Every structure is written in C-alpha cells, then in structure tokens.
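Since the structure comes first, as structure tokens, the remarks are kept for the end.
The values are calculated or read from the model by the stated rules, or taken from the named source; none is laboratory data. Here the structure is a predicted model, which is why all the values come from computation and not from measurement. Note that each Cβ is placed from the backbone with ideal geometry, even for glycine, and that neighbours are counted across all protein chains shown. Note: areas computed on protein heavy atoms with side chains; ligands, DNA, RNA excluded. Shrake-Rupley method; radii C 1.70, N 1.55, O 1.52, S 1.80 Å.
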Amino acid sequence: MSSDRHLSRRSFLSLSALTAASALTGCASSANTVTSGDTSIIYRSPMRLFQSPGASSVPSGAELAVMYGPVEDGGFLIPAVPYEEIDPRYYRQRVLDPTGQPPGTIVVDTPSRFLYLVQADGMAMRYGVGIGREGFAWQGSGVIQWRQKWPRWKPPNEMVARQPELVKYSIENGGMEPGLKNPLGARALYIFSNGEDTLYRLHGNPDWRSIGKAVSSGCVRLLNQDIIDLYDRVPTKAPIVVWQ
C-alpha cells in the first residue's frame, strides 16, 4: 500500500475534529424506495481510512443462518436476510481493531462502509453499513445521547420541503409509526455533539440492498439484525467518531 494511504494516529485525531460543511437533513432516501446500484461519491480525501486486517474471521454458513435469520422483536417479525447476496466483508464479525480508539468507542469508517465497536481485548466488532449520499454526510465526534427501540421516523422540515409527499410523516404530524417499513428500522442510536443533536443516527434498515452503498440522506444504516446486536452492546453516552 502506498504511503499516501497511511494515516498516523495524530492525523486521525485531527481529522475527527472536523465538521461537515453541510447540514444533515434526514435519514432515508424515502420510506419505501431503494436506490439501485451504488451512488458515486467524491470524498474530501481520496484515502481509504481503514483496511481490515487479514485476521478477521468470516462467520460460517451455519452461524450466518442464525445471525441473519428471522427475528421476532417488539411484536414485529423481522424477515431473514438473504446474506448470500451481500458481500461477505459486510457480515457482522470480530476483527483486530484497526482504529486505535479506546474500548467502547464506535468508529464509522464511511469510505469503507464499516462500523467498528472497539472492544477491550484489541479486537472490534465490525458491521457493514449503508451511508449517506455526498452532500448529506456528517463527520466529527460525539456521544450516543439517546437510544430507542422501534423508533418513530420524523423527517426534518428541510427534507419534507424537498419531498412534499413526506408531509404526512412530518414532525408536526407525529412522524411514521414504528414498523418494518419505517426507515429507522428496529433500533436507533441518536448522536449528539457539544450538547446538540446532530440529526445523525445509527439505525436499522428495512432493505438489505443498501448495505455497502450510499443511498440515505446522511445517516448510517445497519441490517436490522445488526442494529439490534449493536444496540445491546452500546450504552448511552458511548463515544462515537465518524470519518469521511
């Protein structure tokens, strides 16, 4: 790998202090629409922030069948994920920690479409994610201020202005009720920075096709089975760092 693809720890910490130039405006392309194919993204830096080490272990077929099988949760039956149709690198798995962050920290590696939860033994849980389209991305550091099971989806007014068909789900109208078609899925983790809501979420995803792609309006999507696993591991006030 060429030297320009290596970042020092100091460079990582400097990068984490940056904030996005544009504000986040929502957490889904639409309630029921999936963008086919990957959306082209121009990053502020051409560097790929992380490459997972070769020590990662892809789960076996039997393990995957359990991990991504149907789940009954909160009165809803989450369907099985056709994991055979997803790139295996996006399967939930334990890997050597490539982030250098303290245990308990969530790190979102936007270019690589990975989310890491750093563990205390030099390892990390890694999840495949879908991320926001260019122009809606947020970067920086914050905390998980609030967590919610089966959240209501309330698109911001700016998003409703761009997509008037969403007015029935507006904040004023109480949002979309929880359920399998809700863009926030089974769980949502709400990110605050400097005491303010960033409007940036880690959340479940009713469509597995978006994993590894850039289709949402800013937020980080995980498979519903994965966001449930992450939710159970991450306490409120957990630190989070997002890099572009």
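How many residues does region 37-83 contain that are among the β-branched types (Val, Ile, Thr) and at pLDDT 50 or above? Outline the logic, then answer.
Step one: filter region 37-83 for residues among the β-branched types (Val, Ile, Thr), giving 39, 41-42, 58, 66, 71, 78, 81.
Now drop any that are not at pLDDT 50 or above, which leaves 58, 66, 71, 78, 81.
Adding up the residues that qualify gives 5.
Of all residues in region 214-244, those that are surrounded by fewer than 22 Cβ atoms within 10 Å (Cβ to Cβ), under 20 Å from PRO79 (Cα atoms) and out of contact with any strand residue (DSSP E or B) (no Cβ under 7 Å at 6 or more places or on another chain) total 2.
Filtering region 153-164 for residues that are in a strand (DSSP E or B) and touching a Ser or Thr at 6+ places or on another chain (Cβ under 8 Å) leaves an empty set. For region 191-205, check the following and say yes or no: at least one residue is of a type in the set (Ser, Thr, Tyr) and either more than 22 Å from ARG233 (Cβ to Cβ) or open to solvent by 50 Å² or more (accessible area, probe 1.4 Å) (or both). Checking region 191-205: not a single residue is of a type in the set (Ser, Thr, Tyr) and either more than 22 Å from ARG233 (Cβ to Cβ) or open to solvent by 50 Å² or more (accessible area, probe 1.4 Å) (or both).
From the list ALA120, ALA21, pick out the single residue that is open to solvent by 20 Å² or more (accessible area, probe 1.4 Å) and at pLDDT 85 or above.
Values: ALA21 fails: at pLDDT 85 or above.
Only one candidate qualifies: ALA120.
So which residues in region 165-187 are among the aliphatic types (A, V, I, L, M), without any contact (Cβ under 8 Å) to a residue 24 or more places away in the chain and not in a helix (DSSP H, G or I)? Write out each step before concluding.
Taking region 165-187 first, the residues among the aliphatic types (A, V, I, L, M) are 166-167, 171, 176, 180, 184, 186.
Next cut, without any contact (Cβ under 8 Å) to a residue 24 or more places away in the chain only: 167, 171.
The one that is among the aliphatic types (A, V, I, L, M), without any contact (Cβ under 8 Å) to a residue 24 or more places away in the chain and not in a helix (DSSP H, G or I): ILE171.
Among the conditions (1) open to solvent by 10 Å² or more (accessible area, probe 1.4 Å); (2) in contact (Cβ under 8 Å) with a residue 40 or more places away in the chain, the only one that SER210 does not satisfy is (1). Which of the residues spanning region 86-132 are of a type in the set (Asp, Glu) and either part of a strand (DSSP E or B) or in contact with a Lys or Arg (Cβ under 8 Å, 6 or more places away or on another chain) (or both)? Answer for region 86-132, where residues must be of a type in the set (Asp, Glu) and either part of a strand (DSSP E or B) or in contact with a Lys or Arg (Cβ under 8 Å, 6 or more places away or on another chain) (or both): just ASP109.
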